[in-house]
1. Separation of the range 300-337 and the range 407-445 by C-alpha centroid, Å?
2. Using only helices, what value at 222 nm comes out for the chain when you add -39,500 (n - 2.57) per DSSP H run of length 4 or more and divide by the total residues, to the nearest 500 deg cm²/dmol?
3. Give me the three principal axis extents of the range 619-723 from the C-alpha atoms, as integers in angstrom, largest value leading.
4. Using 0.36 nm per residue of separation minus the Cα-Cα distance, give me the extension gain between residue 215 and residue 406 in nm, one decimal.
5. Mean 1/r over all different Cα pairs, inverted: what Kirkwood radius does the range 535-587 give, in Å?
6. What order do you get for 433, 659, 298 when you list them from fewest to most C-beta neighbours inside 10 Å?
7. When a/c reaches 1.5 or more, the comparison of a/b and b/c decides; with that in mind, is the range 403-536 rounded, prolate or oblate per its Cα gyration tensor?
8. Give the average over all directions of the projected area of the C-alpha convex hull of the chain, one decimal, in nm².
Ligand code: GLA
């Protein structure tokens, strides 16, 4: 009794109530304070804490900051959740009730249940660690334990408080043909919001990922940095809130605008996963954590090398025919490719798909173009030693289509409004009949042509008309659309686990970890101009590994920018991602085909390094010093591949000497240039250097040597082998 009293006295004397919950990964620690009867709070997130340092945090003066703040009972602050109860009460008072831990094979899951003090309403906050990838993810399960509906007005996946010390943020903006451009800025006081309300292509205009450089300007190699990615295929909102306080917060969740959610009695609502990672090694350290995590957990077939493909789109656009497809198969097979993908244009009966304004929905082969059907193409591909892939856009319908004539109520459109007259409409995936239809599009194709190896799944429109003929509650449309999409994709993956599926949405509109688990990669952009790709793929590389980034060689002049870059440069750019070609091969000269064949052979030799290695970004295309460079190293550092591009050229320009990274300083590496086009070899060719030298000093790459015809567009790909 005496002892109990003294404990109680101690607790009362204590300035903070403590119930420290620690989540560790190999190199990082998250510390939460989950005191029963108090709101859940975060005490620390950063480098690994050891030997009781988590407890010692209290003595360091650190504050515990609420990390799922609710609306209505405190002074103004950025909240993570707000609701309206059936009686009109808009306040929420969530207090920790219980904590549960369980392990899973990759780490631990912490579940903290908080309950409202009056209403039958609770929230479970989940924190899941991915130990070796140094990543943690959080999400919530919001539960209406009552009988009457509760209106969810805001329902973030999570909120990350961070101590401010000149914080900078890196985020991504874009538009069609200019996907995923990096934006770096100092975080200033106030609230910065990044929001996507496209409905379908949620990485077209901005990305749901962000880096927070905690101590000053973003740096590739140094400085405490947090990366965060909201894994969701639909509309989202990211908020950085920096009040006049020591702590700022980062919030991420489904965009509540247009999506208030009516949570029925006994219904559970699970928010999408918000993954985050901390590294002391700057942006690069966080990127490598995310790449390892993505490759292990968030991509279909994470350990399978991606095939080298030729896609027909920029070669023939919709002018698909059997002869042309065969010619392309022949050419790519000769060059050493492994897969041929027939893009848009192959389908339609009553309405041929000759323009982008008709036929979506009518997924039957156009016999005028392909008299022997897809079966013959699959067979032909086999004869050329290739796999066969096909393009579909199954979430969409055109007004001019047999599908629309039969099921006008399957398209999203607002009641009592004139149709928008867009070139295509989005199907209503909240409707189970539409889900069945989309599943059948894939299932029929696969049953009729079991040899299909690859599907390019496109989605080229936003939800332009906010209206579902199926749903009663229109405010649920965006959420139900993505639930429907997940249902369809789950069914497809259950039946066709080996199928390769590419996510495309007007280019890079579906680069998101919320959708990628069903897909093998995403198409980075409809713009294949190699200079613009340097910037776009640089941006994508912050969170996505090269294996996920579709990267092709297209014709010159580029169809979008008009730029004429040499083939070597176009190839060397494309080789830094998931490599392929997208070009009218029959127009290529023998020399060009031979260069592509050499590059394909080289890619086969370095593919495992590019697709599974660790990325080190070396020289940014954005810093204007004339050179862009990055490299990949195998995890054991025995091999590496170094990419160097010089996109512009000025006479007598002094170029930076790029220092390598990620090598073993103690080891020696032999250098060999891949598919060299200069007559004269680089001085370093065949020579060996220590990893330390390459990282501290680097190699001088001549900008426009005597043998280098082009002043601009220099590029080199060097292979490094540990001796
Ligand atoms: C989108 C894709 C392209 C191509 C076309 C076909 O724009 O991004 O790669 O498939 O559709 O219409």
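Each reported figure results from applying straightforward, stated rules to the coordinates on display, with no laboratory input. Just so it is clear, the model here is predicted, and its values are computed rather than measured. Note that each Cβ is placed from the backbone with ideal geometry, even for glycine, and that neighbours are counted across all protein chains shown.
1. Between the Cα centre of the range 300-337 and that of the range 407-445, the gap is 30 Å.
2. Values: 13 runs with 150 residues, N = 723.
Theoretical 222 nm ellipticity from helices: -6500 deg cm²/dmol.
3. 38, 31, 19
4. On the way: separation 191, 0.36 × 191 = 68.76 nm, distance 5.94 nm.
Length gained, residue 215 through residue 406: 62.8 nm.
5. Details: mean 1/r = 0.0853 Å⁻¹.
About 11.7 Å, per the Kirkwood formula over Cα pairs.
6. With the sparsest Cβ surroundings first, the list reads 433, 659, 298.
7. Details: a/c = 1.87, a/b = 1.25, b/c = 1.50.
Oblate shape, in that a/c is at least 1.5 and b/c is the bigger or equal ratio.
8. Working: hull surface 136.6 nm².
Value for the chain: 34.2 nm².
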